[in-house]
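Read-outs throughout are calculated quantities, based only on the coordinates presented, and are distinct from any laboratory measurement. Worth saying up front: this structure is predicted, and the values here are computed from it rather than measured. Reconstructed Cβ throughout: ideal geometry from the backbone, glycine too, with neighbour counts over all protein chains shown.
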Amino acid sequence: MRWLQTLSLALGLTLVAYPALAQAGVLFTPHLDEYSVKPNGTYTEGTLILSQINEVFDRDGGRVELGRPFVPAGASTDTALALFKVLWVGNVFRDTGVPYLKDHDQFCRLIGGFGYQQNTSQVAERGRQFGAQAGSNGLSDLFALCGLYTSEHRYGPLKFNGLLSATLKEPIGQYDPDAMLNVGTNYRTITPQLAFNANLYGRLSIDGTLAYQINGDNDKPAFGGTSPTRIADWINAEVNFTWKFSERWYADLGYSWHKSVGPNYYDQVSINFKDQPLAPETLCAALGIGSTLCNSPLLDSFYLQPRSGPYQDNGVQASLVSAGIYYVYRTSTVLQARVVQPISGRGSQIDVVYDVCAVSNCPGPDRNNTGVGDNAFAQEVATLFGVGEAAATSASPYLELRFVYLFWAP
Amino acid sequence: MSRSRFVALLLLPLLAACLPARETLLPRLGMTVPGLHDFPADFRPPLSAETGQPMPGFGSDQASGVYRTPVIFVHGNTVSARYWLPTRDYFLHQGYSRDELWAFGYGWDNVRYFDSNELSVPSLERSVNSVINYLSKKRGVPVRQVDIVAHSLGVTVVRQWLKQTNSYHRVRNFVGIAGANHGTWTASSDSRGQQRLTAWELAPGSPWLAQLNRGGETPGPTRYFMLYDGGGWADVFYPKPSQDSPALEGARNLAYNREHGAWFDHMDLPRRPETLQPVLAFLSEVHEPLPRASPPQLLREGEQLRSDQPDARLYCADDGLEPGAAVVPAQVWPLKPGRVSSCYAAHAGSGLASPLARYAGAEGYQPAGELSLSASPAGGVYEQPQQVRLTASDPAAFIVYTTSGTSPDSGSPLYRPEHPLYVAAPLRLQAVAITPDGRRSPPLVLDYDISLEKVEAAHTLERQLDPEVPEPYAGRRKKGR
């Protein structure tokens, strides 16, 4: 059922969410990389992420063009995400008798944002056939994290410190289960994280992190149940190398990787054409419906009804490389431009069973995918792309513009 | 309850506890903010001139004694006395007693409010006085000198304090680590906001630094040791080509990283055993002052200066130059007509010295009536730094001044007409003119209020819309921005 695949390709391009586990970088000078110990105070940061997504990864790791061959070349989902971050560094336990904590600064961070995403017209038109809107704007989810720095150690020219934290994502972002695109995710996550910062010869900074993202369930999956309901946990890892050319100019190279632990599950699949019954002469040739069905003299129209599941995918995975430059302005501001390019990945796809019927609501009592329903006369299997952050894996590059500002500069 | 919801519930209280600054929240709840107060019960720490609160810190205990010149550690910006705890541990391990190791948190201890040199000088004066008074009382004989180890902003704070309070004779050794003696790029002219005062002071080539360094960078009997990176990479405050900014002419300068192939950064330099070893060696090079000796005094006999102790020597310089250990000592110093000599007497045997003092040659001098002193611009509230010109009614008189709140004496900084006084902070300027025959003008006392609060009050949105709206400024000065 390629017509359903076509649709889901578009849906697979929902906003590339940019979680709290953002790629590391220079916060501001002096010597203040993402995971380095910083002077006590409050820091603010704004990040704008722009992407034109026209490719996604399928479950075999192949790159699939958006909507091809049913949508002309050039179709895309355009996304913009503005993130606002506030970082507090201090020591609540300073000068108290609390062991360890009194000697190690703590930090907390809040990250909120606003997202914009819009499909190009051909993709949007496909979506409308399934009752979907063409775009989505609104608040993103809220991230809150707290943690503490470990001690600093020095080995010759190498200086090193660690960091422990846990991030909570609260799903307050815009989310409409009937919408084609959503800024929010509608499920909570908690992400324990280990990180380190190392500085070598005063010029090379290395930030690295390893995190385990525990994903909660989504009881209202988006767009016909093509976003997973039971979401696999993720492992995230990244490393970033920053080279200091001068006190004002930096450049970095990074690599990040994430992989789901096990499959995602889809329990509420209901995606279907909005207007039914369907006429074979208008759909068969264009959408590749089987000839037996289309040529049947018994029907001049038919109904489709998906089986809700559960279905499971093969998990998701992505590897990305990045390159960026920084300019430090007035010792209190960092301007950064960074390009991120996916180099490999795996998206979520599931094989959904559709009953083909002569009447609406045709599936009978057999809802367990074990055979044709009582009132159905055929079955078709459609391979659908999962949608949303938990399932879709963009294969398109994105541009990140970052503005780090320190209210109280050193 | 799902596991993520459960963990979230655990995390939220921690988040709620951390976000409001502890120093802000606890006082509002009527609770005392925990602080480092490692002082004996009978020692009352002095008040910080900036915060108005007793300074946190450490020093002394009931059991130990004073066997060496006490060391006072002076921290840099955005940190406090606790910064020196690893250094104190090292000194204790090397045989110092707790009575001999002191530190005070003079500032805000946060990047929210920056400390500045000018505003920190009164706190340092109180700190040194409190240590000397406490230990003198405890020991039963006067403690006349201290050693000072300072870091970063503390280095220029100490140097300004030495100059403004004429305290060279009270400091036997001064170790400055990574201080912006010739400026730092982070205080460049485009720096803004809360670091405005510090930026005016420590920008490379600033009038404030020129004022601090004028006449000699290592004046007085104090021994100077400057330790710093020197490589241009490890200490981000002093990149090339300013890697030698912390060095002082006339001091023993050690570019530690450059000379030892090390990579200690700005915060490491004063706290590593490797770098503290030469610091300790420097402090130990000179013998301890004789406990019951008296410092020599300068005597003027006509147009000559000498000391009241025959074995003492005079260290003098003319025309605005400050004498230091590098000048050729003399037993007698002749005063020259129309010139101002700056001198101190030092006794090598006792290890003590007199305060710096200035004298003008009086030969041929004719008094020019009543002596008075005036300033332009007058004291007041200003948004930007001011170049203040001082004028004495008698052109033969020389002018000395202070900006530290202390009354000027003849050894206070010398005003030079060709270099107007640079005022870049909310401070009290006190000046006095002294004629060659020793007469003094009535003291001129002027308050200059230059702060970000003033700027903010003058440029509120309301006032931009309607300039007639009164300026909501009452000279708060509190934050020292």
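Extending 7 Å from Cα along the Cβ direction at residue B:288 and again at residue A:220 yields two label points whose distance is 7.8 nm. Each of B:108, B:208 has some number of other Cβ atoms within 10 Å of its Cβ, and from fewest to most they run B:108, B:208.
Annotation: the residues A:220, A:274, sorted from fewest to most other C-beta atoms within 10 Å of their own C-beta, follow the order A:274, A:220. As a size descriptor, the averaged projected area of the C-alpha convex hull of the protein assembly as shown was calculated at 44.3 nm².
Pairs exceeding a 24 Å alpha-carbon distance, out of A:85/A:220; A:159/A:244; A:38/A:259; A:85/A:159; A:102/A:244: A:85/A:220; A:38/A:259; A:85/A:159; A:102/A:244. For residue B:101, the residues whose amide H sits under 5 Å from its own are B:60, B:71, ignoring neighbours fewer than 5 places away on the same chain, with H placed 1.01 Å from N. Spread over its residues, the convex hull of the C-alpha atoms of the range B:36-284 is 110 Å³ per residue. Would you list B:130, B:374, B:307 from fewest to most Cβ contacts within 10 Å? Placing the least packed residue first, the sequence is B:374, B:130, B:307.
The alpha-carbon of residue B:454 sits under 21 angstrom from the alpha-carbons of these lysines, leaving out residues fewer than 8 places away in its chain: B:478, B:479. Pairs of alpha-carbon atoms within less than 8 angstrom and 6+ residues apart define the contacts here; what relative contact order does the range B:36-284 have, in percent? Computed value for the range B:36-284: 16 percent relative contact order. Our coupling estimate for the range B:85-92, obtained by passing each phi through the Karplus curve with A = 6.51, B = -1.76, C = 1.60 and θ = phi - 60°, is 4, x, 5, 4, 4, 5, 5, 4 Hz, Gly and Pro reported as x.
How high is the FRET efficiency from residue B:94 to residue B:370, r the C-beta distance, R0 56 Å, rounded to 0.05?
0.45
Using a cutoff of 8 angstrom between alpha carbon atoms and counting only pairs six or more residues apart, the relative contact order for the range B:368-481 works out to 26 percent. Under 5 Å between amide hydrogens, built in the peptide plane, is the criterion, and for residue B:304 it picks out B:335 among residues at least 5 positions away or on other chains.
Each residue of the range B:405-413 is assigned a 3J(HN,Hα), and the resulting list reads x, 8, 6, x, 10, 5, x, 5, x Hz, derived from the Karplus form 6.51 cos²θ - 1.76 cosθ + 1.60 (θ = phi - 60°), x at Gly and Pro. Simple point charges give the picture: +1 on the Cβ of Lys and Arg, -1 on the Cβ of Asp and Glu, and for the protein assembly as shown a dipole about the Cα centre of about 2000 debye. Taking amide H atoms as placed 1.01 Å from N in the peptide plane, the amide H of residue B:146 lies under 5 Å from those of B:171, B:172, each 5 or more residues away in sequence or on another chain.
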